[in-house]
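Everything on this sheet refers to the single structure shown next.
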Amino acid sequence: MSNPNINRLDLNILLILATENAVDEFKGMTINEINNYDEENPLSTRPNLSKRVRRLFDMELISKGIKDILSDTYYITEKGLETIKWNGGN
């Protein structure tokens, strides 16, 4: 069963948040932390990544956590965890 509303970049964002145990508002990650998860291979350009994060937020697959100085942090929601399970996520 697939979800036509999300793409590979969306899945990578969700998988990074799940892998890093960003599952509540206190353990969230900033967009820069998500993008630089693999320092040698950033996920995407910052504007594109920001757009995808906003879309995942609107779909309630991720939520905002506490601020990290000036940056918002994001964590994966239960709905997001359920979404990645069909893709082999744990």
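Here are the numbers for the structure shown:
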{"quantity": "Relative contact order computed over the range 8-85 (Cα-Cα under 8 Å; 6+ residues apart), in percent", "calculated": "38 percent"}
{"quantity": "Two-site FRET efficiency, residue 24 against residue 45, from Cβ-Cβ distance with R₀ of 35 Å, rounded to 0.05", "calculated": "0.80"}
{"quantity": "Candidates per GluC sites (Glu not before Pro) in the range 6-90, loop by DSSP, up to 10 other Cβ within 10 Å", "calculated": "39, 40"}
{"quantity": "Helical contribution to [θ] at 222 nm, DSSP H n ≥ 4, -39,500 (n - 2.57), averaged over the chain, rounded to 500", "calculated": "-12000 deg cm²/dmol"}
{"quantity": "Net charge, residue 51 excluded, C-beta distance under 15 Å - Lys, Arg +1, Asp, Glu -1", "calculated": "+2"}
{"quantity": "Rg/Rg_globular for the range 8-85, with Rg_globular taken as 2.2 N^0.38 Å and Rg from C-alpha atoms", "calculated": "0.96"}
{"quantity": "Interchain or long-range residues, amide H under 5 Å from residue 28's placed H", "calculated": "66"}
{"quantity": "From phi via Karplus (6.51, -1.76, 1.60), per-residue ³J(HN,Hα) for the range 30-45 in Hz, x at Gly/Pro", "calculated": "6, 4, 5, 5, 5, 5, 9, 3, 10, 4, 7, 9, x, 4, 6, 6"}
{"quantity": "Neighbour-limited loop hits for chymotrypsin sites (Phe, Trp or Tyr not before Pro), the range 18-90 (at most 13 other Cβ within 10 Å; DSSP other than H, G, I, E, B)", "calculated": "26, 86"}
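Every number in this text was worked out from the coordinates using simple rules, so none of it is lab data. Note that the coordinates shown come from a computational prediction; the quantities given were computed from them, not determined experimentally. Neighbour counts run over all protein chains shown; Cβ positions are idealised from the backbone, glycine included.
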